[in-house]
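Here the structure is laid out as structure tokens; the discussion comes afterwards.
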Amino acid sequence: MTAMSSSAAERRGIVRGLGSATYLAISGLIAIAFVLPLVWTAVSSVAVGPGEGAPGITLEHYQRLMSFGAGLPTYLANTLVVVAVTVLSSVVVSVLGGYAFSRFKFPGKQVLFAATLAILMVPHATILIPLYVLLGAVKLTNSLVGLGLVMVMFQLPFSIFMMRNSFDAVPRQLEEAALVDGCTSFGALTRVLLPAVMPGIVTVVLFAFLTGWNEFISALILLNDGANYTLPVALVSLVQGDWGQVDFGALQAGVVVSAVPCLLLFFVLQRAYMSGFTTGAIKG
Amino acid sequence: MTLSDLPSSTGRPARRWRDRPGIIGWLYAAPTAAVVVLLFVLPVALAVWMSLNKWPLIGGPHTLNFPDNYAHIPSDELFLQGIGFTVTYTVLIVFLLVIVAMVLALIVEQPRRGVGILRTAYFVPAVVGLTSSALLFYGLYSASIGPINPLLQALGIIKEPVDWLGTPTNALISTLILMTWRFAGFYMLILLTGLQAIPRDIYEAARIDGGGPFQIFRYVTLPLLRPSLALCFVMIVTGGLLAFEQFYVLTSGGPDNSTVTMVMAMFRQAFSLFDLGRASAIAVVMLIALVAVNALQLSVLRRQDP
């Protein structure tokens, strides 16, 4: 998102012809249309809703959210277990794997890399049914850890691609000095290379977090006990009336709780976000 | 040559295999291989195997019944209807998203003041998870708290409140609006990257040759943007054919199963009709179709890439 510097004379394209006022009006209205739904949800999550009494500010929606179903704390904890498994395993697997793909020759390397990228070609939904059966066979039915591992697999093409590129961008001389000094390849990885590929790791962590945090369809299929639901599945069950009439106030609060971490990460880690976006767009 | 390379009777065989780069490489790649084989290759193989068997959700026995599960597909009304609906939805969302994303990209390509704010504003919905977005719009469209009906009534555009998810057409349009809101900024960014890669002198030359803004867009911008457009196209088509959660959240497939997608029909076969064999047959057919569509689109994309 770099700003382009150029004079008005260099403006190009069909939007060029628009006067400043028209441009501002159109672009501004569209911007409002895009941001308004988010603002509306945030505001109405703390506003007294229709039929809830005199207009004003209230935390009642959040209080109701705390106690719906198994309770917000349970759902948050479940989601965080999935996120932790996804993030930690993604980092370990992709750092080691990216190192292997970038620095080593081994038989079957091309096949393994192709197989990893093939995960992108196969629709996730189509392998959830066999995954459900397989996880059941190893007693990971309805398991948050099992769900986390499935998330690691879905994220793997991105994570591996990201880390292999990160290692490729580091000059070999950096670890060769360490290897000459008697370091093992693992020592060179942990002591010399890890700091150099840290931006790549941050990006892997960011997108693993977002995947684990937001995933719906896998969680819906693989978790079948209400007490084990992650936040998105629990919120959808709220809408579908699993707990009686739809509580829109609690729903608004739930959308806010679920969206705020994503928005915060976007604004704090914009660089990692954009580098991941570019990688993601290329791989697509 | 070091001492450890020489054979010795005190023997550290471990040292020797470790010295071979192929082995070390495999050690680092082993976790990746484990994830790929156990959680990807094996499930794909199992999907194929299940599709050849009678495989009830609970209990057994699992007996070979090929080709029954596949033979059932042509008489699976819900899935057939799902194909039609999913393709319709995909065609509509491709046009909608590409056009809106193109307009947004042209807006934020302008080197005007405050354009960074516009980019962020257009992109920000893409940051929120799809399920949260769908839940947000479920509230927007709702009769009890949704602001759309009161707003449109106040403006005099509609007289009676509209049930935004109540008819098949309304449900489809409402979902298309949600998806455009959620993804337009994402594709805008891809197109913006493409726009910024077009050299300026080409525009200059076109203008000197007397091209108007629309001619330049048609004969200079669009052809040069083709790789980026094709990339958007591939991603939107794949996403559209696999549509599930936007409809699951907003409509649950209703009204009257009018918004059941292919993926939804597959899961109903598995978890409502308890037939994993038939569901797997649908999965295998979809998998082959999607891989074929992907491969086809990518080959077209590559041909267009100069």
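The values are calculated or read from the model by the stated rules, or taken from the named source; none is laboratory data. Values in this document were obtained by computation on a predicted structure and should not be read as measured data. Ideal geometry is used to build each Cβ from the backbone, glycine not excepted, and the neighbour counts take in all protein chains shown.
Structure values in brief
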{"read-out": "B:V300 vs. criteria assigned to a helix (DSSP H, G or I) and either at the interface with chain A (Cβ under 8 Å from one of its Cβ atoms) or crowded, with 23+ Cβ neighbours inside 10 Å (or both)", "value": "no"}
{"read-out": "Number of positions in the stretch A:1-38 that are of a type outside the set (A, V, I, L, M, F, W, C) and at pLDDT 90 or above", "value": "3"}
{"read-out": "Candidates B:G254, B:G277 - the one that is in a loop (DSSP other than H, G, I, E, B), within 12 Å of chain A (Cβ to nearest Cβ) and in contact (Cβ under 8 Å) with a residue 12 or more places away in the chain", "value": "B:G254"}
{"read-out": "Some residue of the stretch B:136-146 being surrounded by fewer than 17 Cβ atoms within 10 Å (Cβ to Cβ) and away from chain A (no Cβ under 11 Å)", "value": "no"}
{"read-out": "Unmet requirement for A:Q155, which otherwise passes all of (1) at pLDDT below 95; (2) within 24 Å of B:F244 (Cα to Cα)", "value": "(1)"}
{"read-out": "Any hit, the stretch B:105-120, residues being facing chain A (nearest Cβ under 9 Å), part of a helix (DSSP H, G or I), touching a Leu at 6+ places or on another chain (Cβ under 9 Å) and hydroxyl-bearing (S, T, Y)", "value": "no"}
{"read-out": "Lone unmet requirement of (1) surrounded by fewer than 15 Cβ atoms within 10 Å (Cβ to Cβ); (2) of a type outside the set (K, R); (3) touching a Leu at 6+ places or on another chain (Cβ under 7 Å) for A:T141", "value": "(1)"}
{"read-out": "From B:G146, B:G156, B:G166, B:G139, residue being under 25 Å from A:C262 (Cα atoms), small (G, A, S) and in a loop (DSSP other than H, G, I, E, B)", "value": "B:G146"}
{"read-out": "Subset of the stretch B:203-226 [away from chain A (no Cβ under 11 Å) and assigned to a helix (DSSP H, G or I)]", "value": "B:A205, B:I208, B:Y219, B:P223, B:L224, B:R226"}
{"read-out": "Residues of the stretch A:116-130 satisfying the condition of being more than 7 Å from chain B (Cβ to nearest Cβ) and either within 17 Å of B:T261 (Cα to Cα) or of a type in the set (G, A, S) (or both)", "value": "A:A118, A:H124, A:L128"}
{"read-out": "Leading residue by the ranking (farthest from B:R119 (Cα to Cα)) among those in the stretch A:248-261 that are crowded, with 18+ Cβ neighbours inside 10 Å and under 14 Å from the mean Cα position of the chain (by Cα)", "value": "A:S258"}
{"read-out": "Matching residues in the stretch A:65-94 - criterion: being part of a helix (DSSP H, G or I), over 27 Å from A:Q155 (Cβ atoms) and within 14 Å of chain B (Cβ to nearest Cβ)", "value": "A:L65"}
